[in-house]
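What follows is one structure encoded as structure tokens, with my remarks underneath.
The values are calculated or read from the model by the stated rules, or taken from the named source; none is laboratory data. Quantities reported herein were computed from a predicted structural model and do not represent experimental measurements. Here the Cβ positions follow ideal geometry from the backbone for every residue, glycine too, while neighbour counts run over all protein chains shown. The area values use the complete protein model at the heavy-atom level, side chains included, leaving out ligands, DNA and RNA. Shrake-Rupley method; radii C 1.70, N 1.55, O 1.52, S 1.80 Å.
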Amino acid sequence: MAIPTVTALYGALNALLNIALANQVSSGRRRERIGVGTGESRDLLLAVRIHANNAEFVPLALVMLLLAELCGGGSLGLHVAGGALLVSRVAHALGMPRPAPNALRFFGTAGTWGMIVGMSCWVLWLRTRG
């Protein structure tokens, strides 16, 4: 069995993004002096939601990327999907603080969901080949 190096790359990059987003939450908590919850702080609520949204969707996307890699998905397709996920998550994080609707948030959401759906379909197809 081949080592899933493509998933390892995008898993590591997304983990770093997630820690950066978590740091924004921690910084907001220190600044606002709020240990639990978000109090009345809109900025802290926003930071919490940006981090939580990332934490909700990235694990599923990485599982699908890993399954595609383990089922024999080609390197180019895996890199396109992994790169699209990372760019989408950054776009979403940058778009969330802006007034809705906005292109960054839309692209981030659509890109993330599209990657998950696309990878799911690819995994189903790869599975039928073997």
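Just to confirm a number: summing +1 for Lys and Arg and -1 for Asp and Glu over residues other than L21 whose beta-carbon lies under 15 angstrom from that of L21, what do you get? Intermediate values should be presented prior to the final figure.
Numbers: positive: R29, R49, R89, R105; negative: D43, E56.
Here the count lands on +2.
I50: net charge of surrounding residues, Cβ under 13 Å, Lys/Arg +1, Asp/Glu -1, itself excluded?
That works out to +3.
Between R33 and S120, what is the FRET efficiency for a Förster distance of 41 Å, r being their Cβ-Cβ separation, to the nearest 0.05? Kindly include the intermediate steps, with their values, before the conclusion.
Values: r = 43 Å, r/R0 = 1.05.
About 0.45, to the nearest 0.05.
Compute the convex hull volume of the Cα atoms of the chain, divide it by the residue count, and report the result per residue in Å³ as a whole number.
Working: hull volume 13.1 nm³, N = 130.
About 100 Å³ per residue, rounded to a whole number.
Keeping all protein chains in place, calculate the accessible area per residue for the chain (probe 1.4 angstrom), answer in Å². Show your work: numbers first, answer last.
Details: 7620 Å² over 130 residues.
Ligands and nucleic acids excluded, the figure is 59 Å² per residue.
At a 1.4 Å probe radius, carbon and sulfur cover how many percent of the accessible area of the chain? List each step's numbers first, then the result.
Values: 5220 of 7620 Å².
The value for the chain is 69 percent carbon and sulfur by accessible area.
What is the chain's relative contact order, in percent, from Cα pairs under 8 angstrom and six or more apart in sequence?
Values: 124 pairs, mean separation 35.5, N = 130.
Reported relative contact order: 27 percent.
Over the range 55-130, with a single point scatterer placed on each C-alpha, what log10 of the ratio I(q)/I(0) does the Debye formula yield at q = 0.17, 0.18, 0.21 1/Å?
-0.61, -0.67, -0.83
For the range 4-49, list log₁₀ I(q)/I(0) at each q in 0.20, 0.21, 0.33 Å⁻¹, using the Debye formula over Cα point scatterers of equal strength and ignoring solvent, two decimals each.
-0.62, -0.65, -1.11
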